[in-house]
Structures are given as C-alpha cells and as structure tokens.
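Read-outs throughout are calculated quantities, based only on the coordinates presented, and are distinct from any laboratory measurement. Everything numeric in this text was worked out from a predicted model, so none of it was measured. Neighbour counts run over all protein chains shown; Cβ positions are idealised from the backbone, glycine included.
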Amino acid sequence: MQSSLLFWNDGILNFEFFSKRAMKYKRFEDLPVWNDAIELAVKVDSLTSGPEFKAKYSLRDQLERAAVSVSNNIAEGFERGTNKELLAFLYIARGSAGEVRSMLCLLDRIPSFHALSPETKLLKQKAENCSRQLKGWIRSLQDSDFQGERHVNTKTKRLGEAARDREEFLKELAEIRARGAAKVSDN
C-alpha cells in the first residue's frame with residue numbers, strides 16, 4: 001500500500017503519494033472524480049431524455065437529481081475548507097452514486113426499460129467508478145492529521161514543508177542505497 005499525505009498549501013489541495021508525483025488541485029474542476037461525476041450526470045441526462053421516461057417523471061427526476069448530486073457534493077465539500085466538512089460531503093456524494101446505481105438496477109427490472117440495458121450497465125460502471133474514487137479519497141482524508149485549509153497557519157505550513165522534505169530525503173536515501181547495492185553486486 002502506498003503512503004500518502006494530504007495538505008492545503010496556499011489554497012491548493014495537495015495529494016502526495018510517495019511512490020508517485022504530487023497531484024495538486026486548486027479548483028474542484030480539476031479533480032478527476034469530479035470530472036467523472038459530471039460525465040455520469042451528462043450520460044444520465046442523455047438516458048432520461050429518451051421516450052421510455054416520458055410517463056415516468058418522478059423516476060426520471062430522482063435519477064437525474066441523484067446523478068447531479070455526486071458532482072455537486074464533491075464541489076461543495078472541496079470549497080468548504082475543512083477536512084471534516086469535505087468528508088461529510090464526500091460521503092453524501094458516495095451515497096448519491098450508490099443511489100444512481102440502485103435506480104439503474106430498478107430500471108433493469110422494469111420491463112418498459114429493458115431496451116436500455118446496455119446503457120444502464122455502462123452507467124452503473126461509471127457510478128461505481130465514482131464510488132471507488134470517493135472511497136479512496138475518504139480513506140486518505142481519514143488517515144490525515146491535517147484538518148483543512150481553514151486551519152492552515154504558519155506552523156502547519158512549516159510542518160507540511162518538513163514532512164515533504166523528509167519524504168524527499170527518504171526517497172533520495174533509498175535511491176542511493178539501491179545504487180550502492182547494485183555496485184556491490186557488480187563487484
């Protein structure tokens with residue numbers, strides 16, 4: 001399992017996975033999970049604009065609202081500035097992704113929607129993908145000591161910099177050790 005560090009730095013949410021490059025997000029529009037959630041909502045809208053939904057207003061409305069709720073809750077949580085609030089909104093977003101999947105399962109069982117089975121299968125996969133990404137993000141936040149942008153001050157910035165410096169040093173040290181081991185085995 002990878003180690004990760006989550007912190008705010010001058011309004012930029014940073015996710016650092018020590019075996020990969022740091023990913024920095026200043027705007028929720030840059031988040032891969034938000035973009036996937038928007039794509040889910042657009043595809044759900046396309047599905048519900050079909051003739052099968054003409055007499056099923058409440059079903060169409062509920063499915064559309066659940067799909068839009070995923071991206072909206074990611075955005076709102078991101079903008080709140082604290083990990084506690086972000087976590088709450090990410091859980092709501094994840095719940096909405098589950099609601100989309102549940103409603104798509106319902107469509108699969110209603111005879112008048114059977115022709116949409118290929119589309120609902122694809123949408124269920126997209127909703128599940130959003131759920132998985134949200135779950136990973138939630139875990140990262142839960143494992144973080146960082147409380148969020150609202151709580152950033154000079155001390156927390158220094159601590160974040162020290163943690164990043166330490167990880168960079170450990171990475172360099174591991175590379176030096178690996179080169180040294182390679183030289184010893186060559187001799």
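Summary of computed values
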{"quantity": "Neighbour-count order for Glu29, Glu76, fewest beta carbons within 10 angstrom listed first", "calculated": "Glu29, Glu76"}
{"quantity": "Distance between modelled label sites at Ala88 and Tyr25, nm, 7 Å Cα→Cβ extension", "calculated": "1.9 nm"}
{"quantity": "Positive dipole terminus of region 28-155, leading residue within Phe89, Leu122, Val33 (C-beta point charges)", "calculated": "Leu122"}
{"quantity": "Equivalent ellipsoid, region 65-151 (semi-axes from 5 times Cα gyration tensor eigenvalues, Å)", "calculated": "31, 11, 8"}
{"quantity": "Full-stretch length increase - Thr154, Ala178 - with 0.36 nm per residue and alpha-carbon distance subtracted", "calculated": "5.0 nm"}
{"quantity": "3J(HN,Hα) from dihedral phi, region 49-66, Karplus parametrisation 6.51/-1.76/1.60, rounded to Hz, x for glycine, proline", "calculated": "7, x, x, 4, 9, 4, 9, 10, 4, 5, 5, 4, 4, 5, 5, 5, 5, 5"}
{"quantity": "Theoretical FRET efficiency, 1/(1+(r/R0)^6), r = Cβ-Cβ of Ser46 and Glu76, R0 30 Å, to 0.05", "calculated": "0.75"}
{"quantity": "HN-Hα J in Hz across region 165-178 - Karplus 6.51, -1.76, 1.60, θ = phi - 60°, x for Gly and Pro", "calculated": "4, 4, 5, 5, 4, 5, 5, 4, 4, 5, 5, 4, 4, 5"}
{"quantity": "Lysine pairs with alpha-carbon atoms under 30 Å apart, region 28-155, spacing 8 or more or separate chains", "calculated": "20"}
